[in-house]
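Quick notes on the structure that follows.
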Amino acid sequence: MAEPGLFCQINTAASGPAETAKKHVPVITVQGDAKVGQPFAVTIKVGEAPHVMENGHFIQFVDLYCGHIYISRVDFTAELNKAEATLTIVLQHEGKRTLRAFSRCNLHGIWEGTKEVNVGK
Ligand SMILES: [Fe+2]
């Protein structure tokens, strides 16, 4: 059943019951070291605990941002996808950056997960 309160905000690990957060907060993993202008892989997996991907209840998409800058969106299809994607990205500025991933569940709204990366020379 849809939970209307969750649709009025960007939810985080601190939102809603812990059981719900565990299945919706995107977990970002970075492979290797991030270097200015060099491609590197970022994996976004929705939930520490797997989320169902059934027709009536599924993760519709994930968006990836670096700070407030939009990078990518991946759409998912119920029954035919797992809510997980690996993207190859390139960051153009040195220093600490925050990768932010947003997942949208059709019943539980939008959830944000973050990962700090140190972009080297
Ligand atoms: Fe959900």
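The values are calculated or read from the model by the stated rules, or taken from the named source; none is laboratory data. It should be emphasised that the depicted structure is a prediction, and the values quoted were computed from it without experimental measurement. In this analysis, Cβ positions are derived from the backbone assuming ideal geometry, glycine residues included, and neighbour counts consider all displayed protein chains. Only protein heavy atoms, including side chains, enter the accessible area calculation; ligands, DNA and RNA are left aside. Shrake-Rupley method; radii C 1.70, N 1.55, O 1.52, S 1.80 Å.
Some points to look at:
- Just one of the numbered conditions (1) out of contact with any helix residue (DSSP H, G or I) (no Cβ under 6 Å at 6 or more places or on another chain); (2) touching a residue at least 12 places away in the same chain (Cβ under 8 Å) is not true of Gly47: (1).
- Top-ranked residue in segment 78-121 [being within 15 Å of Gln38 (Cβ to Cβ) and among the polar types (S, T, N, Q); ranked as farthest from the ligand (Cβ to nearest atom)]: Gln92
- Segment 85-99: number of residues that are in contact with a Lys or Arg (Cβ under 8 Å, 6 or more places away or on another chain) and either in a strand (DSSP E or B) or open to solvent by less than 20 Å² (accessible area, probe 1.4 Å) (or both): 3
- Residues in segment 6-29 that are within 20 Å of Val42 (Cβ to Cβ) and not in a loop (DSSP other than H, G, I, E, B): Ile10, His24, Pro26, Val27, Ile28, Thr29.
- Residue check for Lys45: at negative phi and in a loop (DSSP other than H, G, I, E, B): no
- Being loosely packed, with under 15 Cβ neighbours inside 10 Å, charged (D, E, K, R), more than 11 Å from the ligand (Cβ to nearest atom) and free of Cβ contacts under 8 Å to residues at least 24 places away in the same chain is a property that Asp75 has.
- Filtered residues of segment 70-84 (kept if in a loop (DSSP other than H, G, I, E, B) and within 10 Å of the chain's Cα centre (by Cα)): Ala83
- Long-range neighbours under 6 Å by Cβ, at least six apart or interchain, first residue within 18 Å of Val62 (Cα to Cα) and open to solvent by less than 20 Å² (accessible area, probe 1.4 Å) within segment 17-40, second at pLDDT below 95 and not in a loop (DSSP other than H, G, I, E, B): none
- Count - residues of segment 11-54 that are more than 28 Å from Glu79 (Cβ to Cβ) and within 11 Å of the ligand (Cβ to nearest atom): 0
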